[in-house]
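One structure below.
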Amino acid sequence: MSTLIPSLVPTTTLLPQLVSSAGHTTDSLALLLELAQRLRNQLDANPTQKHWPLLQGRTVCTLFLEPSTRTRCSFELAAKYLGAHVLNFEASASSFSKGETIADTIETLLQLGVDAFIIRTGDNGFFEPLLAQFGHRAHFINAGEGTEDHPTQALLDLLTLTQQVPLAELAGKKLTIVGDVNHSRVAHATLKLLPGLGLKLHLAGPEAFVNPALAQRFSCTVHHTLEPALQNSDFVMTLRVQKERQTPALQASADGYIQYFQLTHERLQTHCRPSVKVLHPGPVNREVEITSALMDDPTYSLITQQVRNGLALRMAVLLNLLLPTQDVVL
Ligand code: CP
């Protein structure tokens with residue numbers, strides 16, 4: 001089937017980039033999701049094909065400065081299934097670990113022929129200087145940035161929602177995000193991506209996890225108790241309790257987290273809509289933010305679907321950036 005690959009971020013001076021979850025129009029999101037869904041259907045229908053060589057001759061570099069399973073592996077497979085060369089940059093085994101700057105690292109990899117960089121970093125604000133210096137020579141994809149953004153996770157979560165409720169009908173549906181929102185790049189990305197779609201956005205968690213100022217920043221409702229947040233929810237996204245980012249003060253809140261905020265069958269069935277679905281970006285702390293029984297219950301849990309959608313969505317993003325507006329046969 002022929003499909004016109006949409007240009008997600010039309011730009012004049014820079015090559016197409018995906019460094020933020022903010023600023024995307026509903027139309028461009030709809031086109032990207034349509035392409036991703038078509039790719040998902042292809043992957044499901046042809047499990048042994050795994051070869052759509054649309055990016056033949058292009059070189060994609062995964063440059064992860066923080067650990068990752070889902071994002072890095074799905075981007076690597078996405079690029080390989082599309083026929084690109086893939087360079088997995090190992091920061092700890094590179095001259096970056098000897099103090100070479102990120103700019104000199106990027107310049108070196110550009111000279112070796114890299115066309116697109118997929119980067120995860122712990123630092124907020126990492127991409128602006130890179131775009132200013134290299135954005136006319138390479139594509140950059142934000143694969144998770146500090147506490148502030150993770151656009152492909154927000155996009156794959158939106159794809160997962162639209163497999164339950166069509167995009168045009170999401171307006172008015174209630175999405176509740178539960179957990180350590182302050183530290184969550186996924187929550188921030190979701191809150192940046194979704195406003196134009198008319199969802200009712202609610203946040204829930206202990207005060208140390210959910211800053212009341214988020215309500216104004218993202219036009220959402222903040223709760224510090226779970227039950228009112230869950231009331232009539234259509235979707236509940238729970239987040240990983242990020243033990244590695246906790247201070248001792250936050251740990252005090254975390255200790256009561258299971259008692260007051262863990263997602264369970266009983267809490268879902270008591271407060272949410274009967275059709276409620278649960279999302280979690282992963283990795284999951286089983287029996288902390290969600291019970292194992294709920295996580296593994298396909299009646300409620302979309303968690304494995306999120307992972308599977310990540311592959312198709314990241315294939316769509318690579319096509320979107322590297323082959324914008326081209327008519328291709330899938
Ligand atoms: N959700 C997510 O970003 O998972 P990884 O850290 O495994 O990539």
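The values are calculated or read from the model by the stated rules, or taken from the named source; none is laboratory data. The structure presented is a predicted model; accordingly, all values stated were derived computationally and were not measured. Glycine gets a Cβ as well: all are built from the backbone with ideal geometry, and neighbour counts include every protein chain shown. With ligands, DNA and RNA removed, areas are computed over all heavy atoms of the protein, side chains included. Shrake-Rupley method; radii C 1.70, N 1.55, O 1.52, S 1.80 Å.
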Residue satisfying all of: in segment 177-218; among the polar types (S, T, N, Q) and farther than 19 Å from P151 by Cα; nearest to the ligand (Cβ to nearest atom) among these: N211
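Please verify whether A116 is surrounded by 14 or more Cβ atoms within 10 Å (Cβ to Cβ) and more than 14 Å from the chain's Cα centre (by Cα), treating the condition exactly as stated.
Yes.
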Test: residue in segment 281-289 that is aliphatic (A, V, I, L, M) and buried (at least 21 other Cβ atoms within 10 Å of the Cβ): no
Condition met for E107 (open to solvent by less than 70 Å² (accessible area, probe 1.4 Å) and either over 20 Å from P151 (Cβ atoms) or without any contact (Cβ under 8 Å) to a residue 24 or more places away in the chain (or both)): yes
Unmet criterion (only one of (1) aliphatic (A, V, I, L, M); (2) within 14 Å of the ligand (Cβ to nearest atom); (3) free of Cβ contacts under 8 Å to residues at least 40 places away in the same chain) for L155: (3)
Residue within segment 204-212 that is touching a strand residue (DSSP E or B) at 6+ places or on another chain (Cβ under 9 Å), in contact (Cβ under 8 Å) with a residue 24 or more places away in the chain and open to solvent by 10 Å² or more (accessible area, probe 1.4 Å) present: yes
Hey, A91 buried (at least 18 other Cβ atoms within 10 Å of the Cβ) and under 30 Å from K50 (Cβ atoms) or not: no
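Every residue, every condition in (1) in contact with a Gly (Cβ under 8 Å, 6 or more places away or on another chain); (2) farther than 19 Å from L318 by Cβ; (3) among the polar types (S, T, N, Q), yes or no:
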| residue | (1), (2), (3) |
| --- | --- |
| L65 | yes, yes, no |
| E76 | no, no, no |
| K80 | no, no, no |
| N88 | no, no, yes |
| A93 | no, yes, no |
| T105 | no, yes, yes |
In segment 155-187, the residues that are among the basic types (K, R) and surrounded by fewer than 23 Cβ atoms within 10 Å (Cβ to Cβ): K173, K174
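Within segment 171-203, how many residues turn out to be within 21 Å of Q262 (Cα to Cα), outside any helix (DSSP H, G or I) and touching a residue at least 40 places away in the same chain (Cβ under 8 Å)?
Residues that pass the stated criteria total 8.
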Helices (runs of 4 or more DSSP H) contained in segment 44-137 and holding at least 3 residues away from the ligand (no atom under 16 Å from the Cβ) and at pLDDT 95 or above: 102-111, 127-134
Failed item in (1) within 15 Å of the ligand (Cβ to nearest atom); (2) open to solvent by less than 10 Å² (accessible area, probe 1.4 Å), with L319 passing the rest: (1)
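Could you tell me whether A143 is buried (at least 20 other Cβ atoms within 10 Å of the Cβ), over 30 Å from E207 (Cβ atoms), within 13 Å of the chain's Cα centre (by Cα) and small (G, A, S)? Step through it out loud before you land on a result.
Working: buried (at least 20 other Cβ atoms within 10 Å of the Cβ): yes; over 30 Å from E207 (Cβ atoms): yes; within 13 Å of the chain's Cα centre (by Cα): yes; small (G, A, S): yes.
Considered against the rule, which asks whether it is buried (at least 20 other Cβ atoms within 10 Å of the Cβ), over 30 Å from E207 (Cβ atoms), within 13 Å of the chain's Cα centre (by Cα) and small (G, A, S), A143 comes out as yes.
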Matching residues in segment 270-291 - criterion: being in contact (Cβ under 8 Å) with a residue 60 or more places away in the chain and touching a strand residue (DSSP E or B) at 6+ places or on another chain (Cβ under 6 Å): K277, L279, E289
